[in-house]
Amino acid sequence: MEQHNHSSLVEFVLLGFPNVEHIKGWLFVLLLLAYLFTICGNLLIFLVIRLNAALHTPMYHFVSVLSFLELWYTATTIPKMLANLLSEKKTISFAGCLLQTYFFHSLGASECYLLTAMSYDRYLAICRPLHYPAIMTPTLCAKMAACCWTCGFLCPISEVILVSQLPFCGYNEIQHIFCDFPPLLTLACKDTSINVLVDFSINAFIILITFLFIMVSYGRIIEAVLKIKTAAGRKKAFSTCASHLIVVLIFFGSIIFMYVRLKKSYSLTLDRTLAVVYSVVTPLANPIIYSLRNKELIKAIKRTVFRKGGKASPTHH
């Protein structure tokens, strides 16, 4: 049966970063440090927000959920990248490849929805401040976060099912740094026009609709901020959402170019570069952006990190 043709191809070869043998060791160290910093930074932000009652507000709730999401988002790809840099046999099983693709896209879609929820929170806080406490309740925050995760994990199911039915009967080298739909489709020995159309439709809906919603929210926010009479007031109002806007532009800027297109062929170098941006750089930048631009969060981190030291050394008080 044709749908089982892929059984003859039980694994793929992830080519990863080509022509880097001379700097493979340095690249491994750099990627490992980036991964460790991402894990430590996002875990620290998540724990600090959860442990400090003063930060139990809607804005910080969503930041903590984003940090938690980034821990899993990077775990789907970077460990395998690191292993492939050290291994001569850069293989991944057929099932493993589909699972990596599914979780990478489901967590990516969840991040799109979560960034949208964060923009709506900032819109309410700045444009409707009097109604904000009544609307953005802890219950609504929890429901919005749960909805982001649920919708995100439902989105790629149809794409994965369609890819799983394709026959892969020959060339098995994936020209990418991790398993993903575009490079997988180029290996199928069957017409994949339906897959490309489905991928485009789902990605365009998720990415463009959420990005449009975010931009509309920020359009309203900027309009409201400009009406504030004092420069100090304008600066304070916009500083609460500047970090989020930076993250949005970096993340959406790369994924729009990568996934919202109706073709299988692509520039390998460009796509690898963009993949590094949204799979490594963005999760790495999030804790830096949110902590450096947020004095309240920095103070909470210092209190949390040095609390035990202060208790253990009362003479320093």
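The values are calculated or read from the model by the stated rules, or taken from the named source; none is laboratory data. Owing to the predicted nature of the structure, the values given are computational and were not obtained by experimental measurement. For neighbour counting, all protein chains shown are included, and Cβ atoms are generated from backbone atoms with ideal geometry for every residue, glycine included. Heads up: the accessible areas ignore ligands, DNA and RNA and are worked out on the full protein's heavy atoms, side chains in. Shrake-Rupley method; radii C 1.70, N 1.55, O 1.52, S 1.80 Å.
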**Request:** Only Lys, Arg, Asp and Glu count, each charged at its Cβ (+1, +1, -1, -1), so figure out the dipole size of the chain about its Cα centre, rounded to 20 debye.
**Result:** 1840 debye
**Request:** Please give the per residue accessible area of the chain, computed with a probe of 1.4 Å over protein heavy atoms only, in Å².
**Result:** 50 Å²
**Prompt:** Taking the Cα-to-Cβ direction at LEU208 and at THR137 and moving 7 Å from each Cα, how far apart do the two end points lie in nm?
**Reply:** 3.7 nm
**Prompt:** Which entry is the computed Cα extents along the principal axes in Å for this structure: (i) 67, 37, 36; (ii) 86, 57, 37; (iii) 67, 48, 32?
**Reply:** (iii)
**Message:** As an exercise, use a Förster radius of 35 Å and the Cβ-Cβ distance of PHE153 and ILE246 to find the FRET efficiency, rounded to the nearest 0.05.
**Reply:** 0.85
**Message:** Taking amide H atoms as placed 1.01 Å from N in the peptide plane, list the residues 5 or more away in sequence, or in a different chain, whose amide H sits under 5 Å from that of ILE174.
**Reply:** VAL13, LEU14, LEU15
**Message:** Is there a quick way to get the dipole size of the stretch 90-239? I mean about its Cα centre, with the Cβ of Lys and Arg at +1 and of Asp and Glu at -1; what is the value in debye to the nearest 20?
**Reply:** 1060 debye
**Asked** From the residues CYS97, LEU208, CYS189, which one has its Cα farthest along the dipole of the chain in the positive direction, the dipole being from +1 and -1 charges on Cβ of Lys/Arg and Asp/Glu about the Cα centre?
**Response** LEU208
**Fill in**
Surpassing 30 Å at the alpha-carbon level, of the pairs LYS90/LYS190; LYS229/LYS295; LYS80/LYS143, are LYS80/LYS143
**Request:** Please express the shape of the stretch 58-161 as an equivalent ellipsoid: the semi-axes are the square roots of 5 times the eigenvalues of the C-alpha gyration tensor, given largest first in whole angstrom.
**Result:** 35, 14, 9
**Request:** Would you mind getting me the FRET efficiency between TRP72 and LYS295? Use the beta-carbon distance for r and R0 = 25 Å, nearest 0.05.
**Result:** 0.30
**Request:** Grab the beta carbon distance between LEU32 and LEU130, set R0 = 41 Å, and tell me the FRET efficiency rounded to 0.05.
**Result:** 0.25
**Complete:** On the accessible surface of the stretch 133-217, probed at 1.4 Å with all protein chains in place, carbon and sulfur together account for a percent value of 77 percent
**Complete:** Highest mean packing first, using Cβ neighbours within 10 angstrom, the peptides 64-76, 246-258 sort as 64-76, 246-258
**Request:** Could you work out the relative contact order of the stretch 84-240, using alpha carbon pairs under 8 angstrom and six or more residues apart, expressed as a whole percent?
**Result:** 32 percent
**Asked** How do the peptides 146-155, 14-23, 227-236 rank, highest first, by the average count of neighbouring beta carbon atoms within 10 Å per residue?
**Response** 146-155, 14-23, 227-236
